[in-house]
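The structure appears below as structure tokens.
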Number of protein chains: 2
Amino acid sequence: MATIQDVAKEAGVSVATVSRVINGSSKVSPKARKAVLDAIRQLNYQPNLLGRNLRLMQTKMALVLLPTISNPFYSMIVKGMEDVAHKNGYNVMLCNTNSDVSREKVYLELMKNRLADGVIFLASEMSEEELSQIAMRFPVVQCCEYKEEARASHVSIDNKAAAYMAVKHLIKQGHRKIGLISCENSFISTKQREEGYKIALEEEGILVDLSLIKHGDYGFRSGIRAMNQFFIENNVPTAVFCISDSMAIGAIKSIWAKGLKVPKDIAVMGFDDINFASMYSPGLTTIAQPQYDLGCVSMELLLKVIGGEIIEPQTIYLEHELIIRESTLG
Amino acid sequence: MATIQDVAKEAGVSVATVSRVINGSSKVSPKARKAVLDAIRQLNYQPNLLGRNLRLMQTKMALVLLPTISNPFYSMIVKGMEDVAHKNGYNVMLCNTNSDVSREKVYLELMKNRLADGVIFLASEMSEEELSQIAMRFPVVQCCEYKEEARASHVSIDNKAAAYMAVKHLIKQGHRKIGLISCENSFISTKQREEGYKIALEEEGILVDLSLIKHGDYGFRSGIRAMNQFFIENNVPTAVFCISDSMAIGAIKSIWAKGLKVPKDIAVMGFDDINFASMYSPGLTTIAQPQYDLGCVSMELLLKVIGGEIIEPQTIYLEHELIIRESTLG
DNA sequence: TAATCATATGTAATCGATTACAGTATTGCT
DNA sequence: AGCAATACTGTAATCGATTACATATGATTA
């Protein structure tokens, strides 16, 4: 495997000149440039980035930690991140954490070991203190989920306003007994969506009834179970707002199992607008997040932090959108 | 940021001793070891892998190129690859290629530039010659999809046998007029699944009718369109085998739109057993690939190639499984 | 022509680790 | 005590790039 030395020798110049040709960092005579280019082609030379990165103390690599790539919600976000990164000469290293803190930490070692210049967290499970610690020493951005107290930038939608909009839509359809299928976790989005749900009800003078709030784990099966609870308790709402599309689809399956129709008997709303939301029958009414933009903006922010353009943590909210489909249109 | 030099000074030993403590490469006196360990803790030292990797000319990093992370089919495969990699001190770098050859090549540069020790391709779009070229110079494994002529190892299921099994199942259910929704692409799996379909029919003395073969692009919408074709041409099979689950779900949606029932009027089969296959109503009969194992085996193979234990390209087939659900059970 | 300046190029230090080799201290044995 | 073997440690070269600084060359001007 050819090195810069080999190229220099082949071209009859010094390594400095070869380096200058490669990086275009300063003037090189046309003759020398041609000799170097010829030698590079001749030897099929590829610069060894290990050497370069060591010298420059940078890797042009960004870590992206996400719970699982199997969640389609993340795919457009990642696409946005990648597009921005590539536009700026950066590469993205995607890391599946499986929502496991120790896995997260293993991957963070890559940054601590100088194999990445910065990190974006998607739904990290780490504590606020740990995150703050890391953010103090390295460039960090949180995307979608974030820790309120952590001294690190974040980019997300306004989940409270989005949930508020969702529930308002159900109320406008004439519903007064509205269930919520939420999750028992520590994500800020969960808390904020629950808040939005409550505020929308209260604003209409509807009492928040805790027996109408059930919990799942974002997943399809948990949506079935949560909806079943309503039937078991014989306390069935006329509309259900689920904080994930997968749970909403589970809820619909549960409703069908009782011989009821969606939305005629019970209206169902999801959250996230995963691909499948439009593929389903009935099409699922949901809240769309600007996933691609969330990814773009997060990466832009990270690159600025890496570049030292930003020191103080930033907070950026992007717009969400209500997507009305058949599952709530009586 | 502390370096090994700083640790050496703090501990009052040489860098060699520090390195030996870190790597446990040879005997170090208990006293020196303690001094080094203390200094490391004191200075919060993390070895700079850029230096180490340059010296050792390895990165303990494996590239995984996949068309898109949004395809749930890949997620368990990737999980398997990651688990095996981590067990062997390796990290995985996931790269979204968007089925774009130029993107693939950009990512391959990372390996050519010594930032990764090897690469696994999932459904590469590169030509056989290009793949062979790369496999000659670097450790390469192909997973699931592969180029027949490329001189590189591959791990996959036997797609022909799997499709054969699928169609046999439909025949056993009493179907004689069986449609195929395939794809127009150059993937070997497509070709092999079509072959399996044809052989199963011929074996039963059923003539292969080309008007019963439609093409999509793996996606949901293309499944709708393909199924619609049958209705438009007024040449509707009693069962349809789709080479992807998403197209199968599209086909079901199209069938419903005609006021027909699945499986009563038309049976539908998919391929891949994506998560959603079991979430759908009716549950989708499909062929499951051992995704996790495919990932594990691919990575094990790659590590062996990297380690020089394997020189000649290997071919490994894993077992598939027929998953029978409601969509074909009349 | 000599002095000045601009341009092109090369030498060698540097990044942070690993490790061959050499050297020193300690131990065991006779 | 003397010597060999063993255990430990340190010096310095090395990986492959970048780049500050020095130097050589040629062009320009007084």
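Placing unit charges on the Cβ atoms of the charged side chains and taking the dipole of chain B about its Cα centre, the candidate lying farthest along the positive direction among B:Met76, B:Ser29, B:Gly174 is B:Ser29.
Shielding value for A:239-252 is 1, the average number of Cβ atoms from other chains within 10 Å of each residue's Cβ.
Once you reduce region A:250-327 and region B:67-109 to the center of their Cα atoms, the two points are 25 Å from each other. When the charge dipole of the protein assembly as shown is built from unit charges on Cβ atoms (+1 for Lys and Arg, -1 for Asp and Glu) and taken about the Cα centre, the candidate among A:Ile274, B:Ser186, B:Gly219 whose Cα reaches farthest toward its positive end is B:Ser186.
Determine the shape class of region B:159-288: with a ≥ b ≥ c the square roots of the Cα gyration tensor eigenvalues, call it rounded for a/c under 1.5, and otherwise prolate if a/b is greater than b/c, oblate otherwise. Working shown, then result.
Details: a/c = 1.29, a/b = 1.15, b/c = 1.13.
It is rounded, given that a/c, with a ≥ b ≥ c, falls under 1.5.
Close amide-amide hydrogen proximity is noted between B:Leu318 and B:Ser156, B:Ile157, B:Asp158, each under 5 Å apart and 5 or more residues distant or on a separate chain (H modeled in the peptide plane; Pro and chain starts excluded). Shielding by partners for peptide A:43-54, expressed as the average number of C-beta atoms from other protein chains within 10 Å of each residue's C-beta, is 6.
For n ≥ 4 DSSP H runs only, could you compute -39500 (n - 2.57) per run for the protein assembly as shown, divide by its residues and tell me the 222 nm figure to the nearest 500? Result for the protein assembly as shown, helices only: -14500 deg cm²/dmol. Structural descriptor for region B:4-47: relative contact order 43 percent, calculated from alpha carbon pairs under 8 angstrom and at least 6 residues apart. Measuring between alpha carbons in the structure, the pairs from B:Lys168/B:Lys261; A:Lys60/A:Lys304; A:Lys177/A:Lys198; A:Lys214/A:Lys253; A:Lys172/A:Lys198 lying more than 20 angstrom apart are B:Lys168/B:Lys261. Among A:Ile311, A:Ile224, A:Ile181, the largest mean-square fluctuation in a Gaussian network model of chain A (Cα springs under 10 Å) belongs to A:Ile311.
Against chain A, whose longest principal axis is taken from its Cα atoms, helix A:30-43 shows a tilt of about 70°. Of the GluC sites (Glu not before Pro) found in region B:236-330, the ones in coil according to DSSP and having at most 11 other Cβ atoms within 10 Å of their Cβ are B:Glu309. Hydrodynamic analysis of chain A uses the Kirkwood radius over alpha carbon pairs. Inserted into Stokes-Einstein at 4 °C and 1.567 mPa s, it gives a translational diffusion coefficient of 58 µm²/s. This model, with +1 at the C-beta of Lys and Arg and -1 at the C-beta of Asp and Glu, gives chain A a dipole about its Cα centre of some 1280 debye.
Computed over the Cα atoms, what is the radius of gyration of region B:4-47 divided by 2.2 N^0.38 Å, N being its residue count?
After normalising by residue count via 2.2 N^0.38 Å, the value is 0.96.
Relative contact order for chain A using alpha-carbon pairs under 8 Å, separation at least 6, rounded to a whole percent? It comes to 17 percent, rounded to a whole number. Annotation: peptides A:116-122, B:209-215, A:203-209, ranked by per-residue average of other Cβ atoms within 10 Å with the highest first, follow the order A:116-122, B:209-215, A:203-209. Under a Gaussian network description of chain B, with springs only between Cα atoms under 10 Å, the residue in B:Met136, B:Met76, B:Met111 that fluctuates furthest is B:Met136. Is the shape of the protein assembly as shown rounded, prolate or oblate, going by the alpha carbon gyration tensor and its root eigenvalues a ≥ b ≥ c, with a/c under 1.5 for rounded and a/b larger than b/c for prolate? Oblate is the answer for the protein assembly as shown, as a/c is 1.5 or above yet b/c matches or exceeds a/b. Pick out which of A:Tyr45, A:Tyr146, A:Tyr280 has the largest mean-square fluctuation in a Gaussian network model of chain A, springs linking Cα atoms closer than 10 Å. Fluctuation is largest for A:Tyr45. On a 0 to 90° scale, report how tilted helix B:128-137 is relative to the longest principal axis of chain B, with both axes built from alpha carbons and the result rounded to the nearest 10. Long axis of B:128-137 versus the principal axis of chain B: about 20 degrees.
Counting 0.36 nm for each residue step from B:Ser29 to B:Ser14 and taking away their Cα separation leaves a gain of 4.1 nm.
No lab work stands behind these numbers, since they all come straight from the coordinates. Given the structure is predicted, the values throughout are model-derived calculations rather than measurements. Cβ atoms come from the backbone with ideal geometry, glycine included; neighbour counts cover every protein chain shown.
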